[in-house]
Amino acid sequence: MLFKSLLLLSVYAVACYGQSKVPVYVYYESLCPDSARFINEQLYPVAKELKKNLELHLVPFGKSSYTTQGSDVMFTCHHGENECYGNKVHACAIQHIQGNSYQPNISKEDLTLDYVNCLMHRAQLKDGAFPTKRCADEVKIDQWQAIMDCANSTEGSQLLKQHGDVTNKLQSPLKSVPTVAFKQTYDDELQKLSVSSFRHALCKNLSPQPVECLDLPSTGSAINSLGMIVSVVAVLISRLL
């Protein structure tokens, strides 16, 4: 009875006083199998479930490098020239995707994540051209032509260079791809946890934790769950006093 009462009170606390939110930077490559596996199987489902607790920053560059000659930017990419193009498509999508008036409940961020998830899945199938338009059709992205034009122009190169600068600021070169950095700070233990269970890593960085985090296996016993709920209730009480 006490457990149920505290659970209801914790839900009330989160609803009334807002939820914690943490910035997460994901550094990845458009043709990297490990990046695709992480985005499709870990990041995407968790980000859809806990989007109110997540400020997601996608950084498509990975272990690439670049050089400049005047205004020209030349890239060398981990999985070859096709990946350089794919990285540009991702960079241009992040820049150009906008919400649709006929889907007012779906934000730019939602559409971008849906599109990137599709690109990562389709690109691994290696069944033809890079899936820029195919994924736009599937996800209902209106800006696919702007994304294509961008990826084939100096705009795409400049956007990818910016992602390279963000990546190099974290690590140059990255130790592994994908890399996940909470609050744009690399932590080796959090990196290992993120790629094995992103949901655990995200919940570990949220305080107070939302109710979606209370059923994790590591909190398996009623005693541990009760402790987490009590911590949420304590936050509520401290704000009321």
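The values are calculated or read from the model by the stated rules, or taken from the named source; none is laboratory data. These numbers were taken from a predicted model, which means no experiment stands behind them. FYI the Cβ positions are ideal-geometry reconstructions off the backbone, even for glycines, and counts take in every protein chain you see. The protein model used for the area step is the full one, side chains on, heavy atoms only, and it has no ligands, DNA or RNA in it. Shrake-Rupley method; radii C 1.70, N 1.55, O 1.52, S 1.80 Å.
Go over the candidates Asp149, Asp188 one by one and state the one that is more than 25 Å from Leu216 (Cβ to Cβ), over 17 Å from the mean Cα position of the chain (by Cα) and of a type in the set (Asp, Glu).
Asp149 is the lone residue from the list that is more than 25 Å from Leu216 (Cβ to Cβ), over 17 Å from the mean Cα position of the chain (by Cα) and of a type in the set (Asp, Glu).
When the residues of the stretch 126-137 are filtered to those that are more than 20 Å from the chain's Cα centre (by Cα) and part of a helix (DSSP H, G or I), which remaining residue is surrounded by the fewest Cβ atoms within 10 Å (Cβ to Cβ)?
Among those that are more than 20 Å from the chain's Cα centre (by Cα) and part of a helix (DSSP H, G or I), it is Asp137.
Across the stretch 168-210, which residue is nearest to Phe38 (Cα to Cα) among those that are surrounded by fewer than 13 Cβ atoms within 10 Å (Cβ to Cβ) and either touching a Gly at 6+ places or on another chain (Cβ under 6 Å) or polar (S, T, N, Q) (or both)?
Only one residue tops the list, namely Ser196.
Given the conditions (1) under 22 Å from the mean Cα position of the chain (by Cα); (2) open to solvent by less than 40 Å² (accessible area, probe 1.4 Å), and given that Gly80 satisfies all but one, which numbered condition is not satisfied?
(1)
Tell me, please, whether a residue that is open to solvent by 10 Å² or more (accessible area, probe 1.4 Å), among the polar types (S, T, N, Q), modelled with pLDDT of 95 or more and part of a helix (DSSP H, G or I) can be found in the stretch 33-40.
yes
Working only within the stretch 88-111, note down all residues that are open to solvent by less than 10 Å² (accessible area, probe 1.4 Å) and in a helix (DSSP H, G or I).
Matches in the stretch 88-111: Val89, His90, Ala91, Cys92, Ala93, Leu111.
Output the number of residues of the stretch 49-69 satisfying the condition of being outside any strand (DSSP E or B) and either in contact with a Pro (Cβ under 6 Å, 6 or more places away or on another chain) or open to solvent by less than 80 Å² (accessible area, probe 1.4 Å) (or both).
Residues that pass the stated criteria total 6.
Looking at (1) at pLDDT 95 or above; (2) more than 16 Å from Met120 (Cα to Cα); (3) of a type outside the set (Lys, Arg), find the lone condition where Gln69 falls short.
(1)
Among the residues of the stretch 146-155, are any open to solvent by 80 Å² or more (accessible area, probe 1.4 Å), among the acidic types (Asp, Glu) and assigned to a helix (DSSP H, G or I)? Break it down into steps so the answer makes sense when it comes.
Just the residues of the stretch 146-155 that are open to solvent by 80 Å² or more (accessible area, probe 1.4 Å), to begin with: 149, 152, 154.
Subsequent filtering for residues that are among the acidic types (Asp, Glu) retains 149.
Checking the rest, the ones that are also assigned to a helix (DSSP H, G or I) come to 149.
Yes, some residue in the stretch 146-155 is open to solvent by 80 Å² or more (accessible area, probe 1.4 Å), among the acidic types (Asp, Glu) and assigned to a helix (DSSP H, G or I).
Cβ-Cβ below 9 Å, separation at least six or inter-chain, first residue in the stretch 147-161 and within 11 Å of Tyr85 (Cα to Cα), second open to solvent by 40 Å² or more (accessible area, probe 1.4 Å) and not in a helix (DSSP H, G or I): which pairs?
Going by the 9 Å Cβ cut-off, the qualifying pairs are Ala151/Phe130; Ser157/Tyr66; Ser157/Asp72; Ser157/Met74; Leu160/Tyr66.
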